[in-house]
Structures are given as C-alpha cells and as structure tokens.
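Written below as structure tokens is the structure these notes are about.
The values are calculated or read from the model by the stated rules, or taken from the named source; none is laboratory data. Remember, predicted model here, so these are calculated numbers, not experimental data. Neighbour counts are summed over all protein chains in view; Cβ atoms, including those assigned to glycine, are modelled from backbone coordinates with ideal geometry.
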Amino acid sequence: MGLGEDGLAGLGDASRAAIAGAEAIFGGPRHLALVGAGERGRAWPVPFDVAPVLALRGRRVVVLASGDPFWFGAGGSLAAHLEVGEWVAHPAPSTFSLAAARLGWRLEGVECMGLHAAPYARLRGVLAGGVRVIATLRDAKAAGELAEWLVQAGFGASRLWVLQALGGPRERVVAARAEGFGVTGIDAPVAMAIEAVGEGLPRAGGLPDELFATDGQITKRPIRALTLSALAPREGAVLWDLGAGSGSISVEWCLAGGVAHAVEARGDRAENIAANAAWFGVDHRLVLHRGDWPAVMAGLPSPDAVFVGGGADAAGMARLWDMLPKGSRVVMNAVTLESEALAYGLHAAHGGELFRFDVARVAPLGRMRGWTASRPVVQWSAVV
C-alpha cells in the first residue's frame, strides 16, 4: 500500500478498509505513526528483510511504502516470493510524480533514481548538460553530500531543488546550486531534483583512457571502440570479460545497460577493475572474479557475448567454444605472434571475421611531427 505524507487522509476507501481489517501492519516508524498502527505495527528489521512479512503468509497483512510500492519500494521485493493473486496493490502518487508536479517537469523526460540505498556515482553515466534527474535520498545529510559529489564530478553549476516531505504538512521545496550549496534545516523524507550543467560521459564506445585506473594493461580507446562494436552490447545482455586487465571493456558494456563478469588473475589489476566499477557507478552491474579464466568460467552465468583480452591458449579457447550457447558472440584480440597464430587457427576452424588494426598517432619528431605506430591488433570475432 502506497502512503503519502498526508497519512490516512490521502488514502482511498479500499486502502482504509485494508488497514482497518489488517492483523499486522508493516512499515517504517514514520509510516506506522501516520496510520496509527498501534499494537498491530511491525517496524522493518535493520538491515531490511522481507522474511517477517512472508512468515505471516496467508493472513491479513498490510505493508506500507512511500508512494508507489513498485517503484523503488518493497513491492517488487515481496512479489518475487509470492504467487499472483496473493497480494493486492494500492499505489499512491510516488515521490517522483509529486516532485515533477511541483517543478512542472514532464516525468517521461526525467531520469528517476533511488539514491537512498545506492552510491552517488550511479549518476556518472546519466548526467549531461540539460539532463533532469529526480532522486530519492537516504536522509537530510545526503542532500549536502550529493551537492558536493556533483561539484567534484564537474557539475557544480547544476541547479538543485531539495524536496522535503512532499504531499504533507511539512512539505518544503528549496532551490540551490550544487556549488555553494547551503540549504539547512532539511528534514526527512527528502529527495533532490537536478538540472545538470556540465559535460557528461560520451555515449559512443571508446571512452578516454585517462578516465580509467590502470597499470597500462588496458584496451586502448580506438581498439576498445572497435571491440565494443564487435561485441554489440545490448540492454540486459551478459558479458564474460576474460583476462579483463583494467576492466575497461566491462565498464563500457555496463554503461550500455548490460551486466559484465570480469575475470582477472592478478590481484593489482583486480583492484583496478573494482575501482573503475565504483568510479563509473556500475559496481551493481559488474561482477569481479579473481582467478585464471579457464578455471573460473564454468561457474559463470550463461553469456550473450565473450571478450578474451588476455591469457588465451588453444586449450582454453577450445573449452570456451564448447561452453558457449548458440547465438552468443565471441571476440578475441591478439597482440603477440603466438596469439595471432591462435586467432588464425580459430578463424579457420569456426569462421567469423578476422581484422588487423594498425593505429598510429602524431607525436613530436625533432622539430617536426611524425606518426608513432602502436602495436597492431588482430581481432577474431564469431557468432556460435
């Protein structure tokens, strides 16, 4: 059941009847107080867990959530454990709907995010000049923290609106800028609206190398763009990044909406992968596995695409090919004579496409300029 800051007064007859007839009412302390739950009230455990609700399965139970229970609420968490017909939902206007109504924003043109239980870096792949975001926050202190994060991320000129207790008698909307943010006296529940001013990440594959933490083992930007094109990332698709190095391929795959499983044997490089996943805000989509990929891949979920960036040999590639589901893509980049020979053999055995990429960039040459060539990269790609 969705509940607004106006409590029982904002509920329809069906919602009030459900509360009146409930044997138990679950919610946060604020929610329970708003409906006068009394002895029937059950506060959520900390850390959050749906088990106490499920223990009363089959009885008359009301679960209170802010706004729409199926938009960053407990509804989806509970429904995952229930059969259709075991629950009835009574949604109320969400925080996002109320915020858009106060600001006059078209909600379909707004990025809605739940930052009450997620790092602010989740904004990294979303923000760009003119982008509008409405985000729920953990508490009053988080408003200042988010403003400071925006400044450090290069969005200090962004316009902000602090949205407190929307829909109730304590409602308050305060405008500010991220840089010089000085809003005080904020009280929970709180959300923030952002009208971004700044330069976001490019949408095309091949982000600048300097954005990544690396020891030098990274698929360089031009080759990474070509590799991502061959891998063809899609929303929700699963990637195996084998011999992941800095994890740059995994990061860009996740920014495109996919899920990546990065496998890296070296501990220092695995730390760089974790750091990159956190900085780009994709640590909820990128799963790091430490170890040699021929031994690790048997325990990974079925992939839609596989990138082999390092550690390939004939036995490992043969085992990989036998494991791949039909329709999946595999891409291997080779920079040594031995790995080139392996790529030629794989192309002869399985077909697909074989490219050689020669990249050079301008560099000083005495008082003039000249081309400095990078090592050529041979790329084999195929669809199983």
- Would a scan of region 61-81 turn up a residue that is free of Cβ contacts under 8 Å to residues at least 24 places away in the same chain, over 17 Å from residue 24 (Cβ atoms) and more than 26 Å from the chain's Cα centre (by Cα)? no
- Task: Select from region 278-317 the residues that are assigned to a loop (DSSP other than H, G, I, E, B), surrounded by fewer than 19 Cβ atoms within 10 Å (Cβ to Cβ) and hydrophobic (A, V, I, L, M, F, W, C) and list them in ascending order.
- Result: 300
- Query: Going through region 313-344 one residue at a time, which ones are closer than 18 Å to residue 299 by Cβ and of a type in the set (S, T, N, Q)?
  - Reply: 328
- Are any residues in region 241-259 in contact with a Ser or Thr (Cβ under 9 Å, 6 or more places away or on another chain) and of a type in the set (A, V, I, L, M, F, W, C), and if so, which ones? 244, 249
- Go over the candidates 175, 135 one by one and state the one that is assigned by TED's automatic domain parsing to the domain that holds residue 187, among the hydrophobic types (A, V, I, L, M, F, W, C) and surrounded by 15 or more Cβ atoms within 10 Å (Cβ to Cβ). 135
- Query: Does any residue of region 319-334 turn out to be assigned to a helix (DSSP H, G or I), under 21 Å from residue 231 (Cβ atoms), within 26 Å of the chain's Cα centre (by Cα) and in contact (Cβ under 8 Å) with a residue 12 or more places away in the chain?
  - Reply: no
- Query: Does residue 122 qualify as being free of Cβ contacts under 8 Å to residues at least 40 places away in the same chain, among the charged types (D, E, K, R), touching a strand residue (DSSP E or B) at 6+ places or on another chain (Cβ under 9 Å) and not assigned by TED's automatic domain parsing to the domain that holds residue 274?
  - Reply: no
- So, in region 182-196, of the ones that are surrounded by fewer than 20 Cβ atoms within 10 Å (Cβ to Cβ) and either small (Gly, Ala, Ser) or in contact with a Gly (Cβ under 8 Å, 6 or more places away or on another chain) (or both), which residue ends up nearest to residue 114 (Cα to Cα)? 188
- What residue, among those in region 129-186 that are touching a residue at least 40 places away in the same chain (Cβ under 8 Å) and of a type in the set (Phe, Trp, Tyr), is nearest to residue 199 (Cα to Cα)? 155
- Could you list all residues from region 158-186 that are within 26 Å of the chain's Cα centre (by Cα) and either hydrophobic (A, V, I, L, M, F, W, C) or closer than 13 Å to residue 140 by Cα (or both)? 160, 161, 162, 163, 164, 178
- Just one listed residue, out of 105, 149, is outside any loop (DSSP other than H, G, I, E, B), not small (Gly, Ala, Ser) and not assigned by TED's automatic domain parsing to the domain that holds residue 69, and it is 149
- Quick check: anything in region 90-105 in contact with a strand residue (DSSP E or B) (Cβ under 8 Å, 6 or more places away or on another chain), over 30 Å from residue 159 (Cβ atoms) and of a type outside the set (S, T, N, Q)? yes
